[in-house]
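The structure appears below as structure tokens.
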Amino acid sequence: MEPQLQQDFFSLDEFARRHQIGLSTVYAEIQAGRLPARKIGRRTVIAVNGAEAWREQLPKVRPVQSQHYRKSKNSQDDLR
């Protein structure tokens, strides 16, 4: 049995599929300098560690407080 090789790079198509984003978004992120890309011959690739760094710099989602639990300034709002 042959040991599996760990993948070091993603093609742009593979990166887009794995992260569920469009290829145009991948190009935009590269152009903006937020996603580091490398050339291997004619291929443009994303290093696995570059993909991890890109994910880490994405904005975090803040928990949203439900309107039901939010206290209003006007008691009339609670009756709606």
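Rule-based calculations on the coordinates, nothing more; no lab input. Predicted, not measured: the structure shown is a model, and the values here were computed from it. Cβ placement follows ideal geometry from the backbone for every residue including glycine, while neighbour counts extend to all protein chains displayed.
May I ask you to list the residues in region 5-41 that are surrounded by 17 or more Cβ atoms within 10 Å (Cβ to Cβ), assigned to a helix (DSSP H, G or I) and over 13 Å from the mean Cα position of the chain (by Cα)?
Scanning region 5-41 gives a single hit, L12.
Yes or no: E56 surrounded by fewer than 10 Cβ atoms within 10 Å (Cβ to Cβ) and part of a helix (DSSP H, G or I)?
Against the criterion (surrounded by fewer than 10 Cβ atoms within 10 Å (Cβ to Cβ) and part of a helix (DSSP H, G or I)), E56 qualifies.
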